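Here the structure is laid out as structure tokens; the discussion comes afterwards.
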Amino acid sequence: MKKFSKMLALGMALSLAFGVTAFAADSITVDTSGLEGGVLESIAVEGNLQEGDKVVATPAPENTSENVWKEFADWGEAIKASGYDASAPASLSIATTFEVEVQNADGEKVDRGEIKLTFDWVGFDASKNYAVLHYDGTKWEVIPAIVTADGVKATFTSFSPVVIVEVSEYIAPPDNNNNSGANTNTGSQTTAQPEEHKSPQTGGVLPVAELMALVSLAGSAVCVRRARSNKQ
């Protein structure tokens, strides 16, 4: 009888614990009021959050778009993570940028471990390929993500600026002379030049083949100059 009572008590305790966790998850609120219209339409939350917690999205720090183009090390990794067929020339453009964090009931930033967030924004298209980039405090990294009918779902263990990049097929412009200032990057170990910010989307295109051709031409020019100087 005592064993039964202990088991019953344990079962009730576990049920209560799970009940509180479920209730807490249902009570989570999301605040995107600090963002411009279209940057984010909604954020769905999954994770071990507590009652009173709030997911808060705010504008990304100034120059976030420029910094990610300059500092991200491997755009080939982003293309692969997006699920795009890397055998075809790809273009990348920034779909949206923002900063996100979890706050407790007192408005303090807290760490709740692994959290899954699904982002939806104006212009989101479930048929497209997206990669999620996150700044971990020292460098930009690719965050595991999947595209769902409701948005792009990404798994976070820490929060800070987030950049969602759209990866698509490269289509050459009709006149390259009119393509100046484009925000471009399509291959690993290459750096893009940022385009003037457009809300909610920024971006431009440049094929990997053209980048490689430019590098080859630059190398050929250096070799020719060295050969001439040696003859002299």
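Here is how the numbers come out for the structure above:
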{"quantity": "Filter on 70/116; 54/153; 128/153; 54/80 - keep pairs with C-alpha separation over 21 Å", "calculated": "70/116; 54/80"}
{"quantity": "Efficiency of FRET from Cβ geometry, residue 105 and residue 169, R₀ 30 Å, rounded to 0.05", "calculated": "0.05"}
{"quantity": "Within the accessible area of the stretch 83-181 (1.4 Å probe), percent carbon and sulfur", "calculated": "45"}
{"quantity": "Sites residue 36 and residue 125, calculated FRET efficiency, Cβ-Cβ separation with R0 22 Å, nearest 0.05", "calculated": "0.65"}
{"quantity": "Listed residue (110, 170, 56) projecting farthest to the positive dipole end of the stretch 55-179, Cβ model", "calculated": "170"}
{"quantity": "Separation in nanometres of the label points that stand 7 Å from Cα toward Cβ, at residue 112 and residue 66", "calculated": "3.5"}
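The values are calculated or read from the model by the stated rules, or taken from the named source; none is laboratory data. The model shown is predicted, which means the values in this text are computed figures rather than measured ones. Cβ coordinates were reconstructed from backbone atoms using ideal geometry, including for glycine residues, and neighbour counts include every protein chain displayed. Calculation scope for accessible area: heavy atoms of the full protein, side chains included, ligands and nucleic acids excluded. Shrake-Rupley method; radii C 1.70, N 1.55, O 1.52, S 1.80 Å.
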